[in-house]
Amino acid sequence: MFESLQDRLGSILNGLTGRGALSDSDVSAALREVRRALLEADVSLEVVRSFTDRVRSKAVGAEIVKSIKPGQMVVKLVHDELVATLGSDQVAIDLNAPSPVTIMMVGLQGSGKTTTTGKIAKRLTERQKKRVLMASLDTRRPAAQEQLRILGEQTGVATLPIIAGQDPVEIAARAAQAARLGGYDVLILDTAGRTHIDEPLMVEMAEIKAKSAPHEILLVADSLTGQDAVNLARSFDERVGISGIVLTRVDGDGRGGAALSMRAVTGKPIKLIGTGEKMDALEDFHPARIADRILGMGDIVSLVERAAENIDAEKAAAMAKKMQSGKFDLNDLADQIGQMQKLGGMGGVMGMMPGMAKMKDQISAAGLDDKLLKRQLAIISSMTKWERENPDLLKHSRKKRIAAGSGTDSADINKLLKMHRQMADMMKAMGGKGGKGAGIMGKL
Ligand code: GDP
Ligand code: MG
């Protein structure tokens with residue numbers, strides 16, 4: 001599992017507090033996390049670079065709205081830029097041309113061209129009441145034309161009769177004629193692919209294009225394509241000229257990086273997404289949804305908002321530092337408990353943080369239930385300053401005094417001390433592993 005961008009930004013949000021405008025170093029710190037998250041979402045390196053440059057130029061010096069924290073501001077800027085890069089509007093297949101409108105499907109072998117041809121044909125037939133003819137120009141794979149014929153039977157869409165021995169350009173010409181004579185509204189040409197981009201493929205696509213003058217040329221690309229997405233989209237766009245992109249296998253991809261890469265280098269809209277093998281697993285592309293997926297937006301915004309209302313940021317930052325160094329005394333615990341109460345208790349805080357479920361369990365195992373918080377605060381406030389700073393030195397007589405002062409007994413105090421020791425150990429351990437967990441907690 002990759003760590004979401006919201007996790008990463010969450011852990012540095014508090015580094016960006018208390019100033020009127022975003023400084024260069026604020027933005028750099030945030031963008032380092034943004035860059036890493038984008039790379040892990042498989043966005044290509046060159047797109048990551050230009051993307052972060054654009055966010056940087058918008059973010060540095062940006063006025064921070066009073067009611068918004070700088071960290072939230074960066075999250076919002078990144079989100080907005082993602083949506084802008086992905087294309088803020090949904091663009092449908094354009095059928096605004098004399099019939100038959102020709103759509104040519106291009107892409108690598110196995111990317112989903114034939115499947116998508118069937119899906120689009122079905123959608124145009126059912127939703128837009130179009131008369132559609134499909135033709136397979138794939139003479140490379142023996143069963144390819146047969147595959148499309150079967151899809152046509154399944155979906156009730158006409159396919160061009162198969163005639164052995166014709167080359168792709170000849171089939172394209174025959175398909176155009178059949179579509180005209182048959183009074184079809186739309187002709188979809190399903191082409192052959194290769195396992196990788198090569199010259200013969202590009203030449204073949206260019207020839208088919210010249211012969212059939214398609215109104216739409218849709219690049220069909222697997223969303224699991226990683227760093228190659230840029231080369232793929234750029235080659236097809238430069239050599240054949242695409243009008244849009246269909247991203248397939250989005251059902252198997254939680255990251256969304258290929259969408260960003262391909263859109264960014266070609267500027268061509270992602271028109272549809274394939275979300276499964278079935279003929280109706282085709283959906284419109286919603287840029288904001290993919291942006292959310294890349295960013296991993298969950299409840300981070302509400303978490304940040306609630307935290308911002310309640311917490312003295314500097315105090316929390318100092319606390320985080322203490323935790324990481326392993327110096328976590330009872331004064332710190334009291335502060336922490338107070339902050340937890342403001343945030344709706346430990347369950348409320350942990351429940352909102354991705355990846356913190358395990359820690360939530362540990363903490364409730366350690367006895368930090370919300371109903372105990374009050375009693376624990378009472379115990380700590382019955383201690384002297386010296387006692388809070390040196391909890392390990394508390395002996396029987398002192399415990400007795402504290403118990404009397406807080407209306408509890410020695411067992412309650414021992415429980416509190418044990419919990420404190422466990423938390424301190426846990427913080428120390430997390431601090432040692434790079435301080436991420438402690439960082440998030442302290443920065444709440
Ligand atoms: P082509 O070589 O480009 O024509 O690719 P095909 O259309 O033959 O598809 C190759 C494989 O990918 C087939 O097994 C399809 O069922 C599968 N496939 C296509 N689109 C999707 C999709 O959106 N999701 C999933 N899960 N599988 C898909
Ligand atoms: Mg095919």
Q) Take the residues of the stretch 107-132 that are closer than 28 Å to Ser261 by Cβ and among the basic types (Lys, Arg): which is farthest from ligand 2 (Cβ to nearest atom)? A) Arg123
Q) Would a scan of the stretch 158-178 turn up a residue that is surrounded by fewer than 24 Cβ atoms within 10 Å (Cβ to Cβ), within 12 Å of ligand 1 (Cβ to nearest atom) and of a type outside the set (Lys, Arg)? A) no
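Take the residues in the stretch 388-444 that are among the acidic types (Asp, Glu) and over 17 Å from Leu372 (Cα atoms), then tell me which one is modelled with the highest pLDDT.
Going through the stretch 388-444, the residues among the acidic types (Asp, Glu) turn out to be 389, 392, 409, 412, 425.
Narrowing further to those that are over 17 Å from Leu372 (Cα atoms): 389, 392, 425.
On the way: Glu389: 86, Asp392: 81, Asp425: 79.
The residue in question is Glu389.
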Q: Go through the stretch 95-122 and give me each residue that's crowded, with 17+ Cβ neighbours inside 10 Å, more than 12 Å from ligand 1 (Cβ to nearest atom) and either of a type outside the set (Val, Ile, Thr) or free of Cβ contacts under 8 Å to residues at least 60 places away in the same chain (or both).
A: Pro100, Met104, Ala121, Lys122
Q) Out of the stretch 79-106, which residues are over 17 Å from Ala258 (Cα atoms) and not in a loop (DSSP other than H, G, I, E, B)? A) Asp80, Val101, Thr102, Ile103, Met104, Met105
Q: Tell me which of these Thr125 doesn't satisfy, since it passes every other one: (1) near ligand 1 (Cβ under 9 Å from one of its atoms); (2) touching a strand residue (DSSP E or B) at 6+ places or on another chain (Cβ under 6 Å).
A: (1)
Q. Does the stretch 155-174 contain at least one residue that is within 21 Å of Leu124 (Cα to Cα), within 16 Å of ligand 2 (Cβ to nearest atom) and not aliphatic (A, V, I, L, M)?
A. yes
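Could you look through the stretch 226-261, keep only residues that are part of a loop (DSSP other than H, G, I, E, B), of a type outside the set (Asp, Glu) and without any contact (Cβ under 8 Å) to a residue 40 or more places away in the chain, and pick out the one that is nearest to Val48 (Cα to Cα)? If you could, list the steps in order and put the result at the bottom.
Taking the stretch 226-261 first, the residues part of a loop (DSSP other than H, G, I, E, B) are 226-228, 240-243, 249, 253-256.
So of that shortlist, the ones also of a type outside the set (Asp, Glu) come out as 226-227, 240-243, 249, 254-256.
Now restrict to residues that are without any contact (Cβ under 8 Å) to a residue 40 or more places away in the chain: 241, 254.
Values: Gly241: 24, Gly254: 18 Å.
Ranking the qualifying residues of the stretch 226-261, first place goes to Gly254.
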Q.
Can you find a residue that is modelled with pLDDT of 95 or more, aliphatic (A, V, I, L, M) and farther than 19 Å from Ile171 by Cα anywhere in the stretch 112-128?
A. yes
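Quick test for you: out of Ala143, Ala135, Ala192, Ala206, pick the one residue that is within 16 Å of ligand 2 (Cβ to nearest atom), free of Cβ contacts under 8 Å to residues at least 60 places away in the same chain, on the phi < 0 side of the Ramachandran plot and surrounded by fewer than 24 Cβ atoms within 10 Å (Cβ to Cβ). Before you say what the answer is, go through the steps one by one.
On the way: Ala135 fails: surrounded by fewer than 24 Cβ atoms within 10 Å (Cβ to Cβ); Ala192 fails: free of Cβ contacts under 8 Å to residues at least 60 places away in the same chain; Ala206 fails: within 16 Å of ligand 2 (Cβ to nearest atom).
Residue meeting the stated conditions: Ala143.
Can you confirm whether Lys278 is out of contact with any Lys or Arg (no Cβ under 7 Å at 6 or more places or on another chain), assigned to a loop (DSSP other than H, G, I, E, B), within 30 Å of Ala233 (Cα to Cα) and modelled with pLDDT of 60 or more? Don't jump to the end; show me each part of the working.
Values: out of contact with any Lys or Arg (no Cβ under 7 Å at 6 or more places or on another chain): yes; assigned to a loop (DSSP other than H, G, I, E, B): yes; within 30 Å of Ala233 (Cα to Cα): yes; modelled with pLDDT of 60 or more: yes.
Against the criterion (out of contact with any Lys or Arg (no Cβ under 7 Å at 6 or more places or on another chain), assigned to a loop (DSSP other than H, G, I, E, B), within 30 Å of Ala233 (Cα to Cα) and modelled with pLDDT of 60 or more), Lys278 qualifies.
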Q: Look at the stretch 1-36 and say how many of its residues are within 15 Å of Arg255 (Cβ to Cβ), modelled with pLDDT under 80, in contact with a helix residue (DSSP H, G or I) (Cβ under 8 Å, 6 or more places away or on another chain) and hydrophobic (A, V, I, L, M, F, W, C).
A: 2
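The values are calculated or read from the model by the stated rules, or taken from the named source; none is laboratory data. Remember, predicted model here, so these are calculated numbers, not experimental data. Because the Cβ atoms are built from the backbone with ideal geometry, glycine has one as well, and the counts that use them run over all protein chains shown.
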